[in-house]
Amino acid sequence: MRGERQRTRLARSFTLPLILLLAALLRFYQLAGQSLWADEGNSVALARRGFAEIVRRTAFDIHPPFYYWLLKIWTALFGSGEVALRSLSAVLGIGAVYLTWRLGCRLINERAGLIAAFLVAISPLSVYYSQETRMYMLLTFLGCLTVLLGLRLVDPPRPNRLMLAYIFTATAGLYTHYAYPVILIALNLAVLFYLIHPSPFALRRSQLPAWLGLQLIPLLFYLPWLPTAWRQLTTWPAAHIAISLREVLETISTTLLLGLSWPAAQGLLLTLILGLVLLIIPWPVRHGARVTSRLPYHSLLLLYLWFLLPISLTVIIFSPAFLKFLLVASPPLALLLALLIERTVSPPRPQAFSGDNTTAPRPAFPARYLIGGAFLLAISAASAVSLYHYYTHPAYARDNYRGLVNFVKAVGGPDDAVILHAEGQQDVFNYYFERDPQPLMPVYPLPRQRPPDKTATVNELQTIANNSQNIYAVYWATRQADPTGLIENWLNTNLYKATDQWYGNVRLVSYASPQQSLKDNLIPIDYRLGEHIRLTGYALSSTQPAPGEILQLALAWETETALAEPYTVFGQVLDPANHLVGQRDAPPLIPTSEWPVGESVPDAHGLFIEPGTPPGRHRLIVGLYHSETGRRLPVMAGGGTGGEQAPDFIELAEVEIIRRDTLLPPEAFNMQTPLNISLGQVTLLGYDLYKLGHRSTPKTPLHPGDPAHLVVYWLAHQPRPALKDSLTIQVVNNGGEPTPLSFTYPPAGVDYPNQKWTEGEIIRAQYDFFLRDLAPGIYRLRLTLDTTAATSPPVAVTQPFRVE
């Protein structure tokens, strides 16, 4: 017994700090690795206001002011950088781990407290919201602290400092989030059940008036805000979603156990496992010939209510946006799982509702340790997989406003403009955009009101277009801001749309304002596409575009009969090796099914010339393909008809890509895999690797024999006297052993010798090769730059990729 007590003390002095250290590492790791998103930008903007102004603004928000007050104080102490902003939630997340341990010790025993703390420490859901500048981790922390203080106050003596701490905590919780009352409800129901439970009834009954009086004080402090809370909760628009109860339960179970970044669908499996765990815990446990008691009913009632009430709230108002409410249920879930593991290892003795348990747990059989350890290992492994995807996979990243703004600032100029579609993103956009003393270009939040005033909005759009060379539109929550699509439809119709890229759940679309003379000075041509469509004219904004610019292409179509099939226009700028350096696939401005017979149909497209494109002569080709089948229409010049050998595109013109006057920074390049490997005379900034023709779907599996497309981003340094104009790409297995596949190219991918590269220039080089005779497995690419030096040539190796 003495030895076990020593081991318990050792666990408290050694194991808990390790768990807290693990929690800190997981929460501070890559804390600024992801961009702030729209709601975090709102937090930053409010924290910059005065305390009274925060109250005034949150009176019309769905969140009370306490978190923003706390964040304002925090940023005054630690600054407003991304790490400083998110570190408040990270610290609160570590605090929630510690409080879970304290609760486990009080309700179960020391070992269960450590297990529960460990489970919260590695919880993917807890880690996610510990890295977000929002109030949800504060809500969880205050919930744990409320329960812990409430339990201590039930057991006399009750020091005044504890009552003051409880009053402050409960009041702060009410002013933090409108979901906090579910925690107070769970605690009060469990405490009332405990106080009226027989034996000794008289002793506990005397505590009822004091307990109920204590609950009234936070409510009195909350009375001034109660009308505001009622108004916001009853008038705030609800995001209804049509989904079955089964899907709701599956989503909730996966989120609670595996977080928001679990990569596989589990169906009902996790729901059944979670339900089975909740059913097993209350049953008595047989230990040898004796049946042990269960955890006291009032303790189980507290854990179950604390766990189930937030889940019930989420089910009632279910929306993917409300899954964050489940974070409140994470600590009681960890305590319930810890109780199950503890009972598996060593059936528990009955514990009091309050009072720290310092009694050592019963000894266990080795088989029970194996079962409990396997259960804990399975949870840990699943959490590790989810956390790995959260940290590394872009599909689970927050909206990337940082990358979006960096791209706009890199390719844009003072003659351009930004349109922010939906006012909810202004704060986070400006957080990144206004870091420079003087913004690069004007920013227009549109629409100015909801619903948009059509005449005023169109007039402002026309004014912006007249005064801007390029326009970058940022689309987010468009259904709420502009339900009819007034702004986007006007921009698509009247400007030259060039790019459309997602940064998480936010889109950045670039447009070029039309040159007035472009459509009026078409070059007459005559090409037949298919049986009935003719291309009769075109015009270009320039024959010498530079990388990062939008090449405007005006077209004129005709049809000899009414068209029923939908067609898509494609335009491509190809380098001498037939690599794409500019592309635009989009329906014509007027859908082909609406083309009038025998009349000229105007069309307009923008082709964004990829940053880093080597200078030189390029081909511009256009054509049509069926929007559903992807089959291109054959082309004949003049009035001929296309046969089987007819080409499926029109070589429209030759354009010369020229050097930019100013070099583009790395932020202008959307690299699939950043590396930043120094090779002496050049730096390999990153690369893209995907199946040829699948740039928009880079995760398309590679198979033996498939054509692969590699894009490498070189940063040039000066001088480069020893560097030859030759690059060898070797396919090697994951252990570094070479395969027979080896290819040699010029480093730029085309005829652009490295001796012509300018210092600081980034070259986007493209290479195609086939994965012939390659067995399925894991491989890498070894890139070797040939030199004249006697030393070993510089070598870089890519990340592993799979051939299936």
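The values are calculated or read from the model by the stated rules, or taken from the named source; none is laboratory data. Note that the structure is a prediction, hence the values are computed from the model and not measured. Note that each Cβ is placed from the backbone with ideal geometry, even for glycine, and that neighbours are counted across all protein chains shown. Calculation scope for accessible area: heavy atoms of the full protein, side chains included, ligands and nucleic acids excluded. Shrake-Rupley method; radii C 1.70, N 1.55, O 1.52, S 1.80 Å.
Quick one: which residue in Val458, Val474 is more than 21 Å from Leu607 (Cα to Cα), surrounded by 12 or more Cβ atoms within 10 Å (Cβ to Cβ) and modelled with pLDDT of 90 or more?
Values: Val474 fails: more than 21 Å from Leu607 (Cα to Cα).
Of the residues listed, the single one that is more than 21 Å from Leu607 (Cα to Cα), surrounded by 12 or more Cβ atoms within 10 Å (Cβ to Cβ) and modelled with pLDDT of 90 or more is Val458.
Can you name every residue in region 508-528 that is exposed (fewer than 15 other Cβ atoms within 10 Å of the Cβ) and either in contact with an Asp or Glu (Cβ under 7 Å, 6 or more places away or on another chain) or not in a loop (DSSP other than H, G, I, E, B) (or both)? Quick ask: steps written out before the conclusion?
As a first pass, look at region 508-528 and keep what is exposed (fewer than 15 other Cβ atoms within 10 Å of the Cβ): 516-517, 520-521, 523-524, 526.
The answer is Ile523, Pro524, Asp526.
Conditions (1) over 30 Å from Leu340 (Cβ atoms); (2) open to solvent by less than 20 Å² (accessible area, probe 1.4 Å); (3) without any contact (Cβ under 8 Å) to a residue 24 or more places away in the chain, marked per residue:
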{"position": "Tyr29", "(1), (2), (3)": "no, no, no"}
{"position": "Ser43", "(1), (2), (3)": "yes, yes, no"}
{"position": "Ala47", "(1), (2), (3)": "yes, yes, no"}
{"position": "Ala96", "(1), (2), (3)": "no, yes, no"}
{"position": "Leu125", "(1), (2), (3)": "no, yes, no"}
{"position": "Ser130", "(1), (2), (3)": "no, yes, no"}
{"position": "Tyr136", "(1), (2), (3)": "no, yes, no"}
Scan the strands (runs of 3 or more DSSP E) fully inside region 608-709 and keep the ones with 3 or more residues being at pLDDT 95 or above.
616-626, 650-657, 682-691
Those residues of region 39-72 that are hydrophobic (A, V, I, L, M, F, W, C), touching a helix residue (DSSP H, G or I) at 6+ places or on another chain (Cβ under 9 Å) and farther than 21 Å from Glu423 by Cα come to a total of 5
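With respect to Gly33, is the statement that it is open to solvent by less than 60 Å² (accessible area, probe 1.4 Å), assigned to a helix (DSSP H, G or I) and either touching a helix residue (DSSP H, G or I) at 6+ places or on another chain (Cβ under 7 Å) or modelled with pLDDT under 95 (or both) true?
On the way: open to solvent by less than 60 Å² (accessible area, probe 1.4 Å): yes; assigned to a helix (DSSP H, G or I): no; either touching a helix residue (DSSP H, G or I) at 6+ places or on another chain (Cβ under 7 Å) or modelled with pLDDT under 95 (or both): yes.
Judged against the criteria, Gly33 is not a match.
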Looking at this structure, is Tyr496 in contact with a Gly (Cβ under 7 Å, 6 or more places away or on another chain), more than 26 Å from Ser600 (Cα to Cα) and of a type outside the set (A, V, I, L, M)?
no
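If I ask for residues that are surrounded by fewer than 15 Cβ atoms within 10 Å (Cβ to Cβ) and farther than 24 Å from Pro704 by Cβ, which ones from region 739-752 would you list?
From region 739-752, those surrounded by fewer than 15 Cβ atoms within 10 Å (Cβ to Cβ) are 740, 742, 744, 751; that's our starting set.
Once the filter is applied, which keeps residues that are surrounded by fewer than 15 Cβ atoms within 10 Å (Cβ to Cβ) and farther than 24 Å from Pro704 by Cβ, region 739-752 yields only Asp751.
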Any pair with Cβ under 9 angstrom, 6 or more apart, that starts in region 673-694 at a residue that is over 19 Å from Leu727 (Cα atoms) and in contact (Cβ under 8 Å) with a residue 60 or more places away in the chain and ends at one that is among the β-branched types (Val, Ile, Thr) and open to solvent by less than 20 Å² (accessible area, probe 1.4 Å):
Thr673/Thr798
Spot the failing condition for Asp399; the list is (1) farther than 30 Å from Leu256 by Cβ; (2) of a type outside the set (Ser, Thr, Tyr); (3) part of a loop (DSSP other than H, G, I, E, B), and only one is missed.
(1)
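Quick check on this structure: which one of Thr169, Thr176 is surrounded by 14 or more Cβ atoms within 10 Å (Cβ to Cβ) and without any contact (Cβ under 8 Å) to a residue 60 or more places away in the chain? Walk me through it before giving the result.
Details: Thr176 fails: without any contact (Cβ under 8 Å) to a residue 60 or more places away in the chain.
Criteria check complete, one pass: Thr169.
For region 716-738, give me each residue that is assigned to a strand (DSSP E or B) and open to solvent by 40 Å² or more (accessible area, probe 1.4 Å). Can you show your working first?
Step one: list which residues in region 716-738 are assigned to a strand (DSSP E or B), which gives 716, 723-733, 738.
Correct list: Lys724, Asp725, Asn733, Pro738.
Please find, within region 111-121, the residue that is nearest to Leu335 (Cα to Cα) out of those that are of a type outside the set (Val, Ile, Thr) and open to solvent by less than 10 Å² (accessible area, probe 1.4 Å).
Narrowing region 111-121 to residues of a type outside the set (Val, Ile, Thr): 111-114, 116-119, 121.
Now drop any that are not open to solvent by less than 10 Å² (accessible area, probe 1.4 Å), which leaves 112-113, 116-117, 121.
On the way: Ala112: 7, Gly113: 7, Ala116: 5, Ala117: 8, Ala121: 12 Å.
Here the answer is Ala116.
Listed residues Gln730, Gln766, Gln718, Gln755; which is on the phi < 0 side of the Ramachandran plot, within 33 Å of the chain's Cα centre (by Cα) and not β-branched (Val, Ile, Thr)?
Details: Gln730 fails: within 33 Å of the chain's Cα centre (by Cα); Gln718 fails: within 33 Å of the chain's Cα centre (by Cα); Gln755 fails: within 33 Å of the chain's Cα centre (by Cα).
Among Gln730, Gln766, Gln718, Gln755, only Gln766 is on the phi < 0 side of the Ramachandran plot, within 33 Å of the chain's Cα centre (by Cα) and not β-branched (Val, Ile, Thr).
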Would you mind stating whether Pro310 is modelled with pLDDT under 85 and touching a helix residue (DSSP H, G or I) at 6+ places or on another chain (Cβ under 9 Å)?
no
Filter region 753-804 for residues that are under 15 Å from Pro740 (Cα atoms), open to solvent by 40 Å² or more (accessible area, probe 1.4 Å) and either among the basic types (Lys, Arg) or not in a strand (DSSP E or B) (or both) and give the result.
Arg772, Asp773, Ala775, Pro776, Arg780, Arg782
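Regarding region 64-82, can at least one residue be identified that is closer than 30 Å to Thr234 by Cβ and either part of a loop (DSSP other than H, G, I, E, B) or at pLDDT below 95 (or both)?
Step one: of region 64-82, the residues closer than 30 Å to Thr234 by Cβ are 64-72.
Going one step further and asking which of them are either part of a loop (DSSP other than H, G, I, E, B) or at pLDDT below 95 (or both), we end up with 64-65.
Yes.
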Output the helices (runs of 4 or more DSSP H) that fall wholly within region 122-206 and possess 3 or more residues being touching a His at 6+ places or on another chain (Cβ under 7 Å) and farther than 30 Å from Leu46 by Cα, or say none.
181-196
A careful count of residues in region 247-271 that are open to solvent by 50 Å² or more (accessible area, probe 1.4 Å) and modelled with pLDDT of 90 or more gives 2
Single condition Asp648 does not satisfy, out of (1) under 27 Å from Tyr511 (Cα atoms); (2) surrounded by fewer than 18 Cβ atoms within 10 Å (Cβ to Cβ); (3) not polar (S, T, N, Q):
(1)
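Can you go through Val418, Val405 and tell me which one is open to solvent by less than 30 Å² (accessible area, probe 1.4 Å), within 19 Å of Ala668 (Cα to Cα), in contact with a strand residue (DSSP E or B) (Cβ under 8 Å, 6 or more places away or on another chain) and not acidic (Asp, Glu)?
Working: Val405 fails: in contact with a strand residue (DSSP E or B) (Cβ under 8 Å, 6 or more places away or on another chain).
Matching residue, one of Val418, Val405: Val418.
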Filter region 674-697 down to the residues that are over 30 Å from Val635 (Cβ atoms) and loosely packed, with under 14 Cβ neighbours inside 10 Å and list them by number.
Pro674, Asn676, Ser678
Can you tell me which condition Ala374 does not meet? The list is (1) buried (at least 17 other Cβ atoms within 10 Å of the Cβ); (2) in a helix (DSSP H, G or I); (3) not hydroxyl-bearing (Ser, Thr, Tyr), and all the others hold.
(1)
